[in-house]
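Here's the structure we're looking at; comments come further down.
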Amino acid sequence: MSILLQPNKIIDRALGMAFGTAVGDAMGIPFENLIPEQIAEIQMSLNKNESLFINAAGRNPYIPKEWPTGRWGDATQLSLAIMHAIAKHLCDDAEKTPLITSIVDEHVLEWWDCTDGWSTGTKNAIERIAQGSYSYCNSGGSSTGNGVIMKLTPLAFFFHVCDINIDDKLVETICRMTHVSPVTIVTALIYVYLCVFIFKHDLPSSDVERKAFLLYVRQLSVQYECKYNLVTEKDLLSIRIHRFLENFHEINNDLLLDVSHGGTFFCVDTLSMVIGLVAAERVTFETLEKAIQMGGDTNIIAAMIGALLGATQGQQAIDKRRAEIVFRSDYIRQIGEEFGQALVHHLNLLPSCSQTM
C-alpha cells in the first residue's frame with residue numbers, strides 16, 4: 001500500500017500524524033487521571049471561548065501551574081523527537097548514523113530543553129544518558145507506564161512507508177532506553193505491529209474489518225507474551241482483547257472502562273483503551289474527543305488516537321481550528337514536513353533532503 005502513496009500524500013499524512021498527536025495531547029492534558037463524571041462536569045461548566053483548548057492550570061497536578069492553554073506534553077515532544085531523528089537518519093547520505101543513535105541523541109536534546117510534564121521514569125533514564133553515567137543500553141528503569149508506546153507511531157509509519165520489515169530489536173532497544181520491564185517491551189512491539197497493520201489496511205470501519213483487527217492483535221499478544229514469559233493476568237493484553245471479541249457488537253463505554261481498568265498510565269491499560277476505541281466504531285476526530293471523555297491517561301490516549309487518525313487520513317481529519325492555535329504549531333508543521341520529505345526522498349521521489357528541508 002505504501003508504494004502507491006504519492007509524495008504529497010506521504011507528507012500530508014506525516015503532518016496529520018504530527019498535528020493529531022499534538023492536538024490530542026493538548027486537549028487531554030487538563031483531564032488527566034479524572035473519571036468520566038468529573039470530566040463531564042468540567043466540560044458542562046465551560047464557556048464557548050474555552051471549547052477548543054482548556055486551560056490546564058491548577059487542574060493537572062503533574063504539570064506546572066503556568067502551563068499555557070493549548071500546550072502539549074511529553075507524548076508530542078518525544079514523538080516529534082523520533083520524527084526528527086528518522087528524518088536526520090534518512091538524510092545522512094555521507095556517513096550513515098545508526099537510527100538508534102539519532103533517536104537517543106534527540107531524546108537527550110529534548111531532556112536538556114524541557115522536561116515539564118515528563119514521567120519520572122523517562123526523565124530519570126534520559127538524565128542518566130545525558131550525564132554520561134549510563135549508555136542507552138542500560139539506562140532504563142522498571143516503570144511499566146505508557147512512556148514508550150505513546151511515541152512510537154512515527155516509527156511504525158517509517159517502517160510502513162519505506163516498506164521495511166519491522167525491526168523488533170530496534171523497538172526493544174528504544175523501549176529499554178527508558179523502560180526495561182518485559183510488559184512495556186511487549187506492548188511496544190504489539191503497538192508498532194498494529195500500527196503497521198492499520199497503515200496497510202486502513203482504520204477498520206466494517207464488522208469484518210474490526211474483527212480481523214482484533215484477531216490480529218490477539219495473535220500478536222499471545223506471540224509476544226509467550227516470547228517474553230508474561231504470565232501475570234494484569235500484564236496479558238491477550239485477555240483484554242478476548243473480552244472485546246466476546247462482546248464484539250457491544251464495545252460500549254462501560255466495556256471500554258472495564259477492560260482497560262479506566263485507561264490508566266499502566267501500558268496495558270492504555271493500549272487496551274486505544275485498541276478498544278479503534279475497534280468500537282469508525283475512528284474520526286470524535287473518537288479523539290471520546291478518548292478524553294473516558295478519563296484515565298487522557299492526553300496519552302487522545303494523542304495516540306490522533307496520531308493514528310492523522311497518519312491514515314491526513315491533515316483534513318484533524319480539527320483545523322485547533323491545529324492552527326495549538327502550542328508551537330509552526331514547529332509541529334516544520335517537523336512534520338521534514339519527516340515527510342525525508343521519507344519521500346528516501347524513496348527517490350524527491351531530489352535531496354538539502355533541497356527540501
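The values are calculated or read from the model by the stated rules, or taken from the named source; none is laboratory data. Being a predicted model, the structure only gives us computed values, none of them experimental. All Cβ positions, even for glycine, are placed from backbone atoms using ideal geometry, and neighbour counts span all protein chains on display. Protein only, heavy atoms only, side chains kept; ligands, DNA and RNA dropped before computing areas. Shrake-Rupley method; radii C 1.70, N 1.55, O 1.52, S 1.80 Å.
Summary of computed values
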quantity	calculated
Matching entry among Glu106, Glu127 (being acidic (Asp, Glu), at pLDDT 95 or above and either assigned to a loop (DSSP other than H, G, I, E, B) or under 19 Å from the mean Cα position of the chain (by Cα) (or both))	Glu106
Qualifying residue in the stretch 279-286 (condition: surrounded by fewer than 23 Cβ atoms within 10 Å (Cβ to Cβ) and of a type in the set (A, V, I, L, M))	yes
Candidate set from the stretch 237-278 (those that are of a type in the set (Asp, Glu) and modelled with pLDDT of 95 or more); member that is least open to solvent (accessible area, probe 1.4 Å)	Asp269
Helices (runs of 4 or more DSSP H) lying entirely in the stretch 234-307 (those with 3 or more residues that are closer than 23 Å to Glu37 by Cβ)	253-259, 267-280, 285-293
When residues of the stretch 35-81 are limited to those that are charged (D, E, K, R) and either open to solvent by 70 Å² or more (accessible area, probe 1.4 Å) or modelled with pLDDT of 80 or more (or both), the one nearest to the chain's Cα centre (by Cα)	Asp74
Residue under evaluation Asp25, criteria (1) of a type outside the set (Phe, Trp, Tyr); (2) surrounded by fewer than 23 Cβ atoms within 10 Å (Cβ to Cβ); (3) touching a Ser or Thr at 6+ places or on another chain (Cβ under 7 Å); (4) over 19 Å from Gly340 (Cβ atoms), criterion not met	(2)
Positions within the stretch 220-231 being exposed (fewer than 13 other Cβ atoms within 10 Å of the Cβ) and either basic (Lys, Arg) or without any contact (Cβ under 8 Å) to a residue 12 or more places away in the chain (or both), in sequence order	Cys226, Val231
The stretch 185-205 residues that are closer than 22 Å to Ile10 by Cβ and among the aromatic types (Phe, Trp, Tyr), paired with ones that are open to solvent by less than 10 Å² (accessible area, probe 1.4 Å) and outside any helix (DSSP H, G or I) (beta carbon under 8 Å, 6 or more apart)	Tyr191/Leu152
Every residue from the stretch 295-339 that is open to solvent by 10 Å² or more (accessible area, probe 1.4 Å), hydrophobic (A, V, I, L, M, F, W, C) and touching a Leu at 6+ places or on another chain (Cβ under 6 Å)	Ala317
